[in-house]
Amino acid sequence: MNILFLMCKTIFETWPLATDFSRYAYGFPSVTYPQLMATIPGVKYRFFDGIVEPIKMTHYKELLSGHDLIVMSLQSAKIALNTEITVRLIKRLNPDAKIILGGQHPTFYYKEWVRRGVDCVVRGEGERTFPELISALSNGDDLRKIPGLVFREGDETVVNPEREFIPDLDETPLPDWTSVDLWRYTLRMRNDGLTAAVETARGCNQRCSFCSTSAAWKSTQRYKSVGRCLEEILALRKENVKQMILVDDNFGGDYDRDTELLDELIKRDLDMRFFGFVRVDTALSYPDLIEKAARAGLRQVVVGFESLIPDRLSKVKKGYKKSFKFEDYKEAYQIFHRNGIFVLGQFIVGFPGEDPEEVKATLKYCNEICDCSTINPFKPIYGTKESDDLIRSEEDVDAEAIFYDLRYLPLYEREPVDKTAHYNSRNFFYPGYLANLFSADYLKKKYFRNVYRSSLVQMLSCDTTKLMDFLTARKNRLIPAERKERIISKYLKNDFLDNL
């Protein structure tokens, strides 16, 4: 069996910035594929990342035609359209190939993906389901015996029982990075060494009503042991990895384990830099943990502030044990700042029922509590409580309507996309941000130079197709559903696929 692990090529691309801009700007690999590849030792496979590896369409089609089984993963609706385009291409070029799909998006939309041509969907964790599936396909065994699997059998979609979460993550094999060209990735926190990703914990124990992660993992968080984490990190360091992203959704969630891990990293003096996701309450409750993390190599964090209004955070179940004031956020920022850690602040506006004054407050003060702010319009995500409530209460929102997420295009009628897009554009050219291009602070200078460079490259890549899509997305005389349908249907039509 000849297997292709595929991060699909970007065929549909929004302008002036790509839908999945973070992958272009930050440059980090996915740990999902190495984890899956490690579960099938002795099986022939290849990995291809269509986002960071330039490839002509002719060669891409040859790639899709040359494998018996093609495995893809997607976490969000942002890349759903490109994944579906690739699925349709595979069915045209290589109809006998089996397509396997996993990740958060298909975990929620498993029936929809099977209807769109995927042969098998792996729901939830893949380390046990995936190798059992490969073995069953190789030996002709009954797929109905594999928990966590959804598959097509003739005209029927078979939904097997869910698989229980792996109780001990130390039982999973070490990720296999041998087929991943790590030279193609860089977090740009330094000028030497390779970049990789490490998972030390899985899931999140919070219950944020807008977040797909807490929904996918049922508000649970499991941790690898310190010894196992060190094994992964030391193995990467031997391969000259000096930058890594910790993909944990909530680093610092287990104070004792994380402190022990940081102590071990400091003791070994590995000369590594890493990027992670940290909550405000973690920084305020454990400033000593942040100080140790900085000594161990933490240089950048993403902090999900979401809103500066305490009542709003309470309504979306952010999970803070106390109500924070603006001064508390500034204190958290100072904790990171004095330890030399660059803070990327994530904010969401346009929650259902949110008062316009709340939005104004967030837009006005967000830059005072982080080094770079990103304002995201609230977008429904199927499976989350916030979206389920919308689906029940709004006539223009349903599960199918939010299957795709196209940048700058509203997913439902009341979403303030235009305002937030305008704010991000204005913020992007804010003099304070532009000044960072010449900052004495290495991290700020590298971060902003990279983001501006990546943005400029994408803006200059405009062609007739991208421009027409952009103009269609801005046609206010059409309701959002009509705008989205015009764009999506164009890329899924037979004549478009014929001309690729």
For residue 179, are the conditions met, namely being out of contact with any strand residue (DSSP E or B) (no Cβ under 6 Å at 6 or more places or on another chain) and of a type outside the set (D, E, K, R)?
no
Output the number of residues of segment 205-226 satisfying the condition of being more than 17 Å from residue 105 (Cβ to Cβ), hydrophobic (A, V, I, L, M, F, W, C) and in a loop (DSSP other than H, G, I, E, B).
1
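Quick grid of which residues meet (1) closer than 25 Å to residue 48 by Cβ; (2) part of a loop (DSSP other than H, G, I, E, B); (3) free of Cβ contacts under 8 Å to residues at least 40 places away in the same chain:
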position: 117; (1), (2), (3): yes, yes, yes
position: 137; (1), (2), (3): yes, no, no
position: 158; (1), (2), (3): no, no, yes
position: 166; (1), (2), (3): no, yes, no
Scanning segment 475-493 for residues that are assigned to a helix (DSSP H, G or I) and in contact (Cβ under 8 Å) with a residue 40 or more places away in the chain gives 480, 481, 483, 484, 487, 488, 491, 492
Name the pairs whose Cβ atoms lie under 8 Å apart, with the first residue in segment 246-261 and farther than 16 Å from residue 198 by Cα and in contact (Cβ under 8 Å) with a residue 24 or more places away in the chain, the second surrounded by fewer than 21 Cβ atoms within 10 Å (Cβ to Cβ) and hydrophobic (A, V, I, L, M, F, W, C), and 6 or more positions between them or separate chains?
255/289; 259/289; 260/226
With 103, 148, 154 as the choices, which residue is surrounded by 16 or more Cβ atoms within 10 Å (Cβ to Cβ), at positive phi and out of contact with any Gly (no Cβ under 8 Å at 6 or more places or on another chain)?
103
Only residues that are touching a helix residue (DSSP H, G or I) at 6+ places or on another chain (Cβ under 9 Å) and over 20 Å from residue 242 (Cβ atoms): list them for segment 24-34, please.
24
Of the numbered conditions (1) among the aliphatic types (A, V, I, L, M); (2) more than 24 Å from the chain's Cα centre (by Cα); (3) farther than 30 Å from residue 299 by Cα, residue 487 fails exactly one; give the number of that condition.
(2)
Given the structure, is residue 211 in contact with a strand residue (DSSP E or B) (Cβ under 9 Å, 6 or more places away or on another chain), surrounded by 18 or more Cβ atoms within 10 Å (Cβ to Cβ) and modelled with pLDDT under 95?
yes
Sort through 455, 439, 461 and tell me the only one that's farther than 24 Å from residue 75 by Cβ, under 25 Å from the mean Cα position of the chain (by Cα) and modelled with pLDDT of 80 or more.
461
Which helices (runs of 4 or more DSSP H) sit wholly inside segment 1-65 and have at least 2 residues that are without any contact (Cβ under 8 Å) to a residue 60 or more places away in the chain?
21-26, 57-65
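The values are calculated or read from the model by the stated rules, or taken from the named source; none is laboratory data. This structure is a prediction, so every number in the text was calculated from the model and none was measured. Don't worry about glycine lacking a Cβ; one is built from the backbone with ideal geometry, like all the others, and counts go over all protein chains shown.
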